[in-house]
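Undergrad: Take this structure, written in structure tokens, and hold onto it; I'll ask about it next.
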Amino acid sequence: MKNNSKGIITVEDLSVTLNGITIFHPTAFSIPSGVRCAIMGPNGAGKTTLLKTMIGEIKPVSGRTLFWDMQILKCYKDIAVVHQQKDVDWNFPITAFDLVCMGVREYFNGIFVSSYVREKAREALRIVAMEEISEKQINELSGGEKQRVFIARAFAQEPKLLLLDEPFAGIDVFSERIIANYLKNFVDDGNAVVSVHHDLYTACDYFDWVIIVNKGIRYVGPLSEAVIKEYFFHVY
Amino acid sequence: MFIESVLLSLLCTSLFLGSMIGCVSAYCVVKKQGMLGDIMSHASLPGITFAFLFTKSSSPLLLLLGGSISALLSGIFFLFVKKIAPLPKNGALALSLSWFFNMGIIGGAIVQRLLIEGQGIVKHVFFGNFVILAAENTHWYMILSFLLSIFFIVTIKYQKVMIFDEFFARTRIPYLYYFEIIFLCLTVIAIIIGLQAVGILLMGSLIITPGTVARMITSSYEKMVFLSIIVSIFAFLIGVFGVYYFSNIPSGPIIALFPIILCIGTHIFGILYSSITGKS
């Protein structure tokens, strides 16, 4: 635990048990603002569990996660979450454009989707280079296109913190570069990204901070080739 | 004059009931809860028969209250079984259906054996009788159906988010759990109101088919709700005229038949269209 200063995310004495197995013993760490943080570790190490516990989808046995020193319910509008695609109903009748509209904060105002919401959605689609296929049904898109649309929806939320669960899983190099570029610009604007990631080769290019997970938190701090060599030698 | 006023009342009831059933049908189809809707309509039978047995009253309001309670219990029973037993979703649905419908059949058999006055109302519950529905004081049916339809239309955006991406919905709608309970209760209410017109046996069909027809035609949830409403209203209108001209036929089968024919027709048209144009 190299970093315990107050940051954008502060995890205090977090302990998680799933199906009777303790995934995390009481642990504490914080993530500073302005970083692209990867949660890394081998399969089944608890990367997604950690992410879901932080946002309250999994109830911890003890401890809590604070965002800007607040409970998530008080600041949920400033946080955008992109889950794994398997959690979505792909047969639902919806276009890529409609999906991005859902992310805009004012989406629920009024019965009809306002022109303001539409403009925000178009802007978000433009950033991920998806405006040309915005009227396509969601189940007609490729894996990479789907992921870009979900990132666009997260962008449309205008968050200060982006939480992603394996955003680069199963997508082509072109889409991966677009998403990585977007994440870099997003953080350069003073925001933060926390993402579950599994690819050791691209980790240092896409992220500058890391939480290494393997039946507990093994390391929290800046990411470098040396860190990967030192910690992943033990992890894998 | 009397016939004209009854016909007008039936037409108005068709409009409001059709709108409500259309909304619920679209919602249930995309949420993949059509089967649950069918089971809840069957599961209302024990509530209706036992309400009749205990009160000896043939008041529709009382019987439908009994039906609502048992339908809601069947939904809760399904969720409970799904949570505690290592059964697939279909298994839990089948268990709920067999348990509650069997109870209803037993209740129905007791009603028949005891020869209680007014037991004909229970028979109507099986196949539906639109005329009785309209002859009763239908204002509360209409008001409730209207309010339900409005609620469903106003909350379309919430439904889209909830059904399409539940995890995302949890981050956008803080009280999502309560929304889901509200929609489940509204589905039960819609089923119970529609029961008198369509009957227990065919209510499931009316919950599934208008939404299915609409889903086959359009790829937009808003348009789907609208089309589902149109199909449902037409089904009820055809039911009204069917009952008007063939008074010895129960309204349920006539109402349920139109969406089924439309569903088959749309499917055949879809196959022909895609084979000619090459588009899906």
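Undergrad: Please state which one of A:F150, A:F155 is aromatic (F, W, Y), within 20 Å of A:R177 (Cα to Cα), more than 11 Å from chain B (Cβ to nearest Cβ) and crowded, with 21+ Cβ neighbours inside 10 Å. Reasoning before the result, please.
TA: Numbers: A:F150 fails: more than 11 Å from chain B (Cβ to nearest Cβ).
Answer to the check: A:F155.
Undergrad: Within the bounds of region B:200-218, is there any residue that is among the aliphatic types (A, V, I, L, M), crowded, with 24+ Cβ neighbours inside 10 Å and within 14 Å of chain A (Cβ to nearest Cβ)?
TA: Among the residues of region B:200-218, at least one is among the aliphatic types (A, V, I, L, M), crowded, with 24+ Cβ neighbours inside 10 Å and within 14 Å of chain A (Cβ to nearest Cβ), which makes the answer yes.
Undergrad: On to the next question. Would you please name the residue that is nearest to B:Y158 (Cα to Cα), looking only at residues in region A:80-100 that are modelled with pLDDT of 90 or more and more than 9 Å from chain B (Cβ to nearest Cβ)?
TA: A:V100
Undergrad: Can I ask one more? Counting only residues that are crowded, with 22+ Cβ neighbours inside 10 Å and among the hydrophobic types (A, V, I, L, M, F, W, C), how many does region B:164-182 have?
TA: 2
Residue-by-condition table, conditions (1) surrounded by 24 or more Cβ atoms within 10 Å (Cβ to Cβ); (2) within 19 Å of the chain's Cα centre (by Cα):
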position: B:V24; (1), (2): yes, yes
position: B:G37; (1), (2): yes, yes
position: B:L53; (1), (2): no, no
position: B:S58; (1), (2): no, no
position: B:L64; (1), (2): no, yes
position: B:P86; (1), (2): no, no
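Undergrad: Follow-up. Pick from A:I151, A:I127: which is within 30 Å of A:T49 (Cβ to Cβ) and among the aliphatic types (A, V, I, L, M)?
TA: One residue alone meets the criteria, A:I151.
Undergrad: Do we have A:A129 as surrounded by fewer than 23 Cβ atoms within 10 Å (Cβ to Cβ) and of a type in the set (A, V, I, L, M) here?
TA: yes
Undergrad: Looking only at region A:124-165, how many residues end up being aromatic (F, W, Y) and in contact with a Pro (Cβ under 9 Å, 6 or more places away or on another chain)?
TA: Final tally of qualifying residues: 1.
Undergrad: Going by the structure shown, is B:I48 within 15 Å of the chain's Cα centre (by Cα) and more than 14 Å from chain A (Cβ to nearest Cβ)?
TA: no
Undergrad: For region A:101-119, give me each residue that is in contact with a Cys (Cβ under 8 Å, 6 or more places away or on another chain) and either more than 9 Å from chain B (Cβ to nearest Cβ) or not in a helix (DSSP H, G or I) (or both).
TA: Within region A:101-119, A:V113, A:V117, A:R118 qualify.
Undergrad: Name the residues in region A:35-74 that are among the basic types (K, R), surrounded by fewer than 16 Cβ atoms within 10 Å (Cβ to Cβ) and within 14 Å of chain B (Cβ to nearest Cβ), would you?
TA: Of the residues in region A:35-74, the ones among the basic types (K, R) are A:36, A:47, A:52, A:59, A:64, A:74.
Subset that is surrounded by fewer than 16 Cβ atoms within 10 Å (Cβ to Cβ): A:59, A:64, A:74.
The answer is A:K59, A:K74.
Undergrad: Within region A:199-219, which residues are touching a Phe, Trp or Tyr at 6+ places or on another chain (Cβ under 9 Å), hydrophobic (A, V, I, L, M, F, W, C) and in a strand (DSSP E or B)?
TA: Across region A:199-219, the qualifying residues are A:V210, A:I211, A:I212, A:V213, A:I217.
The values are calculated or read from the model by the stated rules, or taken from the named source; none is laboratory data. Predicted model, so just to flag it, every value in this text is computed and none were measured. Because the Cβ atoms are built from the backbone with ideal geometry, glycine has one as well, and the counts that use them run over all protein chains shown.
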